[in-house]
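Here's the structure we're looking at; comments come further down.
The values are calculated or read from the model by the stated rules, or taken from the named source; none is laboratory data. Please read all numbers here as calculations on a predicted model, not as lab measurements. All Cβ positions, glycine included, derive from the backbone under ideal geometry; neighbour counts span all protein chains shown.
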Amino acid sequence: MTKRFDIEAIILFGEVVEAGSFAQASRRLRQPSSNVSRRIAKLEHALGYPLLQRTTRSLIVTEEGKQLLPMARQLMDLQEQVEQWQNNQQSEPTGILRVTAPSSFARGPLSTWMIQYKRCYPSVTIELIHSNDYLDFQTHQLDFAFRQGPLPNSTLIAKRLFSIQYGVFASPKWLATQPPLLVPSDLIHAPVIAMGAQGKPLPWRFRDQVIQPQRVQMLLEEPEQNLQAAITGLGYTFASRYDASPWEKQGALQEVLLNHRAEPAHFYLVSNSHRDRSLKAKTFLTHIEKSLMEFGEPDGLVF
């Protein structure tokens, strides 16, 4: 008599190995960790071999587990193909569309575009995550991420949408009290408002050199906060011309060092290669491309 094994448990085993822990896999699968652990333990008992060695700090795949893993991955791929086939049979996209983007972009045009997409496809549930970090696709179950380059090496697919021009801005009234800036290196010991990552100010990248400011007056996470601080006369800030343009037109900000602007930074729409064939993903990509065409050419963006 042919012995039958729990195919879903084999897939769960593959998911745990891919995620690196039971906890991460459980979050991704939206199942209790105890349930995942129990199913794999039953599979190990049925096979007669341990697949994983569990410790408080690590997860080690046994030799038998390494032999089973390629088959588990084949089953995972097959399951995904079936899900994609099912999605493509639908007349309209359904499910959860989970997207992340930098806060300033998410609050800006993307928010409007997502609302428009929802109105076109009411059966899709949208989750928009505001984050300036490069969130992991697997951990956060992302479908798409809007990210500014350069991008880390990965298996993800990146589509360039546009490029962003950056410059140095300050209050005109405050500038009148300061010695003029001639070259980017003059900023090293000048008062600045900086963007930060993990408590450290990010470097300011110009066309011909990179500056690490030393006199940081404020370290903030949001471009809008940096610009508002600069408007009050707290120092120089390095910001996208797209974000600064409205304040510049009102006379609240003035750009300096125009001849030393940085090379435009590319902005991408990133997707997981395993999800880009679903109807939900296809319609979203088409919607973003159409929205960009209707967006025009605002100050500070290069298409």
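Of all residues in the range 67-96, those satisfying the criterion of being under 11 Å from residue 278 (Cα atoms) and in contact with a strand residue (DSSP E or B) (Cβ under 8 Å, 6 or more places away or on another chain) are 87, 93, 94, 95. Out of the strands (runs of 3 or more DSSP E) lying entirely within the range 185-259, which hold 2 or more residues that are modelled with pLDDT under 95? Correct list: 191-197, 215-220, 236-240.
So, residue 173, is that one more than 16 Å from residue 264 (Cβ to Cβ), within 29 Å of the chain's Cα centre (by Cα) and basic (Lys, Arg) or not?
No, not satisfied.
Looking at the structure I just gave you, is residue 125 among the β-branched types (Val, Ile, Thr), loosely packed, with under 14 Cβ neighbours inside 10 Å and not in a strand (DSSP E or B)? Spelling it out, it is not the case that residue 125 is among the β-branched types (Val, Ile, Thr), loosely packed, with under 14 Cβ neighbours inside 10 Å and not in a strand (DSSP E or B). The set of residues in the range 2-18 that are surrounded by 15 or more Cβ atoms within 10 Å (Cβ to Cβ) and at pLDDT below 85 is empty. Taking the conditions (1) part of a strand (DSSP E or B); (2) crowded, with 17+ Cβ neighbours inside 10 Å in turn, residue 142 satisfies each one other than (1). Of all the criteria given as (1) farther than 28 Å from residue 135 by Cβ; (2) part of a helix (DSSP H, G or I), the one not satisfied by residue 50 is (2).
So that you can scan it fast, the table gives a plain yes or no per residue for (1) of a type outside the set (Gly, Ala, Ser); (2) buried (at least 16 other Cβ atoms within 10 Å of the Cβ); (3) touching a residue at least 60 places away in the same chain (Cβ under 8 Å):
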| site | (1), (2), (3) |
| --- | --- |
| 59 | yes, yes, no |
| 93 | yes, yes, yes |
| 104 | no, yes, yes |
| 110 | yes, yes, no |
| 116 | yes, no, yes |
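Residue-level check: of (1) touching a residue at least 40 places away in the same chain (Cβ under 8 Å); (2) among the aliphatic types (A, V, I, L, M); (3) touching a strand residue (DSSP E or B) at 6+ places or on another chain (Cβ under 7 Å), residue 229 misses just (1).
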